[in-house]
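Visitor: Below is a structure I'd like to ask you about.
The values are calculated or read from the model by the stated rules, or taken from the named source; none is laboratory data. For clarity, every value in this text was computed on a predicted model and none was experimentally measured. Every residue, glycine among them, receives a Cβ derived from its backbone with ideal geometry; neighbour counts consider all protein chains shown. All accessible areas refer to the heavy atoms of the entire protein, side chains included, with ligands and DNA or RNA removed. Shrake-Rupley method; radii C 1.70, N 1.55, O 1.52, S 1.80 Å.
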Amino acid sequence: MKKVQIINGPNLNLLGRREPGVYGSEPFEGFLADLRRRYPDVQIDYFQSNIEGELINKIHETGFGYDGIILNAGAYTHTSIALQDAIRAVTAPVVEVHISNVHAREPFRHVSLIAAACRGVVCGFGLDSYRLALEGLLAR
Ligand code: DQA
């Protein structure tokens, strides 16, 4: 069975309540349950933290044994060289995802410090960005 780790970064624990006009009104837990039902042959593990070092620890923990990591690093996307280094350090392919189209938003969101270390990037499709990232990982 393939194993994929989803990692959500800061403020993404508030999905469903946080700026619903930007991120939608669906909590992540319900979406995740649907995703697991839709891909019964994939072990989909989930981790969320608001703390940068905990995201790095989870990348280290899963990045050598899993078939892929789907990472929404939230605002750390735009600031964290440490996350870029963590992604480069592991062997599992990492897909950067964003719910919103970051390129249609403020200029500081146009820069990703992690994209160059990732296998690919999916953004702008709402929560479906995660499913599209999963499809990309499974297609390999
Ligand atoms: C986000 C986009 C980031 O710019 C923002 O800081 C987030 C969420 C997204 O999923 O659209 O927290 O990663």
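Visitor: So which residues in region 33-50 are closer than 14 Å to Leu71 by Cα and not hydroxyl-bearing (Ser, Thr, Tyr)?
Guide: Selection gives Ile44, Asp45, Phe47, Gln48, Asn50.
Visitor: How many of the residues making up region 120-140 are assigned to a loop (DSSP other than H, G, I, E, B) and out of contact with any Asp or Glu (no Cβ under 9 Å at 6 or more places or on another chain)? Reasoning before the result, please.
Guide: Quick first cut of region 120-140, residues assigned to a loop (DSSP other than H, G, I, E, B) only: 124-127, 139-140.
Remaining after also requiring out of contact with any Asp or Glu (no Cβ under 9 Å at 6 or more places or on another chain): 124-125, 139.
Total satisfying the criteria: 3.
Visitor: Further question on the same structure: Does region 102-112 hold any residues that are surrounded by fewer than 18 Cβ atoms within 10 Å (Cβ to Cβ) and part of a loop (DSSP other than H, G, I, E, B), and which are they?
Guide: Taking region 102-112 and keeping what is surrounded by fewer than 18 Cβ atoms within 10 Å (Cβ to Cβ), we get 103-111.
Those that are surrounded by fewer than 18 Cβ atoms within 10 Å (Cβ to Cβ) and part of a loop (DSSP other than H, G, I, E, B): Arg105, Glu106, His110, Val111.
Visitor: Within region 1-21, work out how many residues are within 16 Å of the ligand (Cβ to nearest atom), in contact (Cβ under 8 Å) with a residue 12 or more places away in the chain and open to solvent by less than 60 Å² (accessible area, probe 1.4 Å). Break it down stepwise before answering.
Guide: Quick first cut of region 1-21, residues within 16 Å of the ligand (Cβ to nearest atom) only: 6-21.
Checking the rest, the ones that are also in contact (Cβ under 8 Å) with a residue 12 or more places away in the chain come to 6-13, 15-16.
Right, trim to open to solvent by less than 60 Å² (accessible area, probe 1.4 Å) and you get 6-10, 12, 15-16.
Adding up the residues that qualify gives 8.
Visitor: Hey, among the residues in region 39-96 that are small (Gly, Ala, Ser) and open to solvent by 30 Å² or more (accessible area, probe 1.4 Å), which one's farthest from the ligand (Cβ to nearest atom)? Write out each step before concluding.
Guide: Let us first name the residues in region 39-96 that are small (Gly, Ala, Ser), namely 49, 53, 63, 65, 68, 73-75, 80, 82, 86, 89, 92.
Adding the requirement that they be open to solvent by 30 Å² or more (accessible area, probe 1.4 Å) leaves 53, 65, 75, 82, 89.
Values: Gly53: 17, Gly65: 25, Ala75: 4, Ala82: 16, Ala89: 22 Å.
Of everything passing the filter in region 39-96, Gly65 is farthest from the ligand (Cβ to nearest atom).
Visitor: Looking only at region 80-101, decide whether some residue is assigned to a loop (DSSP other than H, G, I, E, B), modelled with pLDDT under 95 and among the hydroxyl-bearing types (Ser, Thr, Tyr).
Guide: From region 80-101, those assigned to a loop (DSSP other than H, G, I, E, B) are 80, 90-93, 99-101; that's our starting set.
Among the residues that remain, those that are also modelled with pLDDT under 95 are: none.
No: zero hits.
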